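Where a number appears in this text, it was derived from the coordinates with a stated rule and is not lab data. The structure presented is a predicted model; accordingly, all values stated were derived computationally and were not measured. Heads up, the Cβs are rebuilt from the backbone with ideal geometry, glycines too, and the neighbour counts pull from every protein chain shown.
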Amino acid sequence: MTDTTPADVGFAPPAEVEEVELYHAKSWITKYVFSQDAKVIAIQYSATAIAVGMVGLVLSWLMRLQLGFPETFSFIDAADYYQFITMHGMIMVIYLLTALFLGGFGNYLIPLMIGARDMVFPYMNMLSYWVYLLAVLLLMASYFVPGGPTGAGWTLYPPQSILPGTPGHEWGIILMLVSLVLFIVGFTMGGLNYVVTVLQARTRGMTLMRLPLTVWGIFIATILALLAFPALLVGGVMLLLDRVLSTSFFMPSIVLMGESLDYGGGTPILFQHLFWFFGHPEVYIVGLPAFGIVSDLLSVHARRNIFGYRMMVWALIAIGGLSFVVWAHHMYVSGMNPYFGFFFATTTLIIAVPTALKVYNWVLTLWRGNIRLTIPMLFAIGFIFTFINGGITGLFLGNVVVDVPLSDTMFVVAHFHMVMGVAPLLVIFGAIYHWYPKITGRMLNETLGQFHFWITFVGAYSIFFPLHYLGFLGVPRRYYEIGETAFIPASAQSLNAFVTVVTLIVGFAQLVFFYNLFRSLTKGEPAGDNPWQATTLEWQTSETPPGHGNFGDELPVVYRWAYDYSVPGAVDDFIPQNKAPDETTGRSEPT
Amino acid sequence: MAIAIVVVLLIVGSTVFHFMSPWWFTPLASNWGSIDDTIMLTFWITGVVLIAINLFMAYAIWRYRYQKDRRAEYEPENKKLEGWLIGLTTLGVVAMLAPGLIVWADFVTVPEDAHVFEVMGQQWQWSYRYPGRDGILGTTDNKYVDFDNPFGIKPDDPYGQDDILVQSDEVHVPIDQPVKVLLRSLDVLHDFYVPNFRAKMDLVPGLITYFWFTPTKIGSYEVLCAELCGQGHYAMRGIVVVDEQIEFEAWLAEQPTFAQSMALARAPGTDGQEQTASAQSVASISADYKISDEQLNLLNAYLDSSLE
Ligand code: HEM
Ligand SMILES: [Cu+2]
Ligand SMILES: [Cu+2]
């Protein structure tokens, strides 16, 4: 056994910059509504994201009802179905997961975990939330305009997205694009904040290589988002111009139902490049925070250091960098130059290596641990299981020639739900069970948590695992109904019905979770400051929930990395990051 | 503990599901068996990894479950182990990627002797064009598209006159001859997907895309549109019939050439029935393409709104 931690124990340099003056709210409104406290903003972001996520969830039920029982629900017609998938996809990816991981967890955890009093630009942080809220409201408004929301698919591919054959081409698409632009504006304000805060506001001794992986994950994801969203922004604005001012960025000459349109000279594939230059990093924008958080959940609840911390950090960075050179794996059959396939298949499969390393290190963190099967730990294990499954099907779709038969089938739907739908959601649940005690001062109910975990984990797997096989068969995605198709056996319909029933069960199990969230606010067991006996700074605050300014009079000073669990010779099986070497037995000397 | 057992059960269940599943690839009807092979190779490599990691994890959960008086091992890293794992993973990746790229090289290299036909997509129907006796497709442009010339063939292009037009969702191809499929769309993106051939490619307005295959089994195979193209996307179906050469030629001979269809359109008797009113053309489209009532309603609704 080696005695080196990635960051030497004990070293805490003197402060280089003075503490920044903290903004103090003067009224109830500036404290809780137009708040500049990152913790309040975090709650606002999370509540909004979860609320709009519920809309996305209900939409998935409606879609599943249609797919499971195609003749039964006459109130769902083809236009409705396409509007459902579009809104569902966009809501889940952008307005729920991106907002919740970065705006929600980012705001709450970054300052607390790095030992800062707040974000460095609190005013901009506040604006970020309100612009996000506006974006959400505009998106929801598309249900109330003539023609309804857009049904162009979450990818919004032109020409179809702005032409009459697609529902919502009147107003829905305009609102969608404007809403996205606002989201990006709002996100950019928040995102710059997170990056600068991590770089500038770490407390004394908190070197980069002592940061908890949660912070690393959110930090890298934010950088990705800052670089990727501009591509969506320009793509969106150009599409908006095509729609509203009849420019032709993406529009070639078109004969629609026998009539020539006034477009010409543009190219639809350009939009796809812009979209996926954003869209692929987006997968990691929701993935990396999940990777980071789950690393910490595993370490805390297995009472063992995260295995291979340095490699975990480099893997995050490598994945982040590579994610910018793989985008066209979504376009293998788009009609782009087929020779691109060689390049993009190679880069895509290279990403598998650092990703696989992360999986190994998570499992090796469990190995020789002392595993407490708490609810957060269960969700973390559920994540590993689901993520391995979804990661593996990514190797199919990334390998260009294998993608040819599978792309645009239910296999793709199954793959991305596993890897970027269910897996990050399991982490989010685990994270909520883990940090709820810090946020509210009370524990969530364990029995309800068990119920919630088992139904969600086993249920979600049963929903999406079988769908791969419909994809092998050749069932395309985005089909309102499959109808009479010779190669599709009747049994496929029974499978679809089964999947729909499980979807509803999983959906309703979430009510138990919400009940738990509300009930525990007042009835939960008091948590104390550090119920999980964790090492990171957010658990070392003098008050729970942490007060304004997070850390009482004096900021903590950090002496060690975040993973001193079960250090031989130490009294407890964890040593908080801010514990000086001479306060513990066994490891007194800086190495 | 339950979680270790459930992880094992899910793995066993998934494996059983895999071998029992009645839902699997359709019977292959083209030369792209090599794609199937690459998929199976990927399946075995990744399947073994999936099972191995998960069983290892389940074992670790059980073996290192919480015990009050035990401590976890403190081991920040193990460079050697990480090195091995990276090495082995890289090997696995290469084992999948290399054959994949070799097959892809095949996929993008169209054989010299491939014959050609064109697939044309529009909301929400397929039609097809063969080059005729000269073997060359006539030039097309959207500006020539009208009721008499739905393919938009340049009227005075000599190569176009003998083009054979198939205004139906069914097309025939001769068995065992490589074919290069040229793809063209009048309006939005579509995707020509025949599960039995394992191949698909988008149709992109403003571009001509292509892929190739060799049909290897007599039969008729369904075409599904695999790129969201609006409300009627799910109903945009077609048929490819793989024939013996003789039957194929007989079928081809029944189809009109461009010159013939233009002559027909100009012939007396159809004069004066100039199809300008949209409603009329919708009715005849529906007759020609056997589209469903529902789509007919869609078309009508669209035309009504555009006439307003
Ligand atoms: C249990 C929860 C969920 C269920 C039952 C579900 C179900 C579905 C269904 C049935 C479709 C349409 C498939 C098709 O016809 O092509 C779909 C599409 C989609 N879902 Fe989910 N989903 C769930 C959660 C999520 C989550 C958490 C995400 C976040 C990443 C997500 C992202 C998407 C996306 C991006 C699409 C594609 C939309 C499109 O084709 O334009 N879903 N989902
Ligand atoms: Cu991607
Ligand atoms: Cu389509």
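Remarks
- Crossing angle, helix A:491-523 versus chain A [Cα axis fit, 0-90 degrees, rounded to tens]: 40
- Column: log10 I(q)/I(0), Debye, Cα scatterers of the protein assembly as shown, q = 0.05, 0.06, 0.09 Å⁻¹: -0.31, -0.44, -0.92
- Around the Cα centre of chain A, unit charges on the Cβ atoms of Lys, Arg, Asp and Glu (plus for the first two, minus for the last two) sum to a dipole of about 560 debye.
- In terms of surrounding Cβ atoms within a 10 Å radius of their Cβ, A:H548, A:H452, A:H169 rank from fewest to most as A:H548, A:H169, A:H452.
- Spatial offset of segment B:104-153 relative to segment A:91-140 amounts to 51 Å, using the alpha carbon center of each.
- For B:K200, the lysines whose Cα falls under 16 Å of its own Cα, not counting residues fewer than eight places away in the same chain, are B:K180.
- Counting 0.36 nm for each residue step from B:L81 to B:I136 and taking away their Cα separation leaves a gain of 13.7 nm.
- For A:K523, the lysines whose Cα falls under 24 Å of its own Cα, not counting residues fewer than eight places away in the same chain, are A:K39, A:K438.
- Alpha carbon centroid spacing (whole Å) that separates segment A:369-417 from segment B:1-58: 12
- Exposed-loop-free span, longest in chain B, where trypsin sites (Lys or Arg not before Pro) count as exposed if DSSP calls them loop and at most 12 other C-beta atoms lie within 10 Å: B:134-289
- Stretch gain in nm, segment A:V145-A:V237, where the contour uses 0.36 nm per residue and the Cα spacing is subtracted: 31.1 nm
- Full-extension gain in nm, B:I208 to B:F56, via 0.36 nm per residue minus C-alpha separation: 49.7 nm
- Inter-probe distance in nm under a simple model that places probes 7 Å from Cα toward Cβ, at A:A580 and B:D176: 8.9
- Helix A:78-90 vs. chain A, principal-axis angle (Cα, 0 to 90°, nearest 10): 20
- Long hydrophobic helices in chain B: the complete DSSP H runs spanning 20 Å or more by Cα along their own axis with mean Kyte-Doolittle hydropathy of at least 0.0 are B:2-20, B:33-63, B:79-108.
- Beta bridges per DSSP with both ends in segment B:115-271, % antiparallel, nearest 5: 70
- Shielding by partners - mean other protein chain Cβ count within 10 Å, residues of B:96-107: 6
- Ranking B:W124, B:L50, B:W251 by how far each Cα lies toward the positive end of the dipole of chain B (charges on Cβ) leaves B:L50 at the top.
- Placing R0 at 56 angstrom, the Cβ-Cβ distance between A:A51 and B:L41 gives a FRET efficiency of 0.75 after rounding to 0.05.
- Take each residue of peptide A:553-566, count the partner chain Cβ atoms within 10 Å of its Cβ, and average: the result is 1.
- Listed residues A:S260, A:I162, A:A201: farthest to the positive end of the dipole of segment A:158-268 (Cβ charges): A:A201
- Rounded to 5, percent antiparallel among DSSP beta bridges of the protein assembly as shown: 70
- Nearest 10 degrees, 0 to 90: helix A:375-398 Cα axis against chain A principal axis: 40
- With a 10 Å cut-off around each Cβ of A:249-262, the average count of Cβ atoms from other chains is 6.
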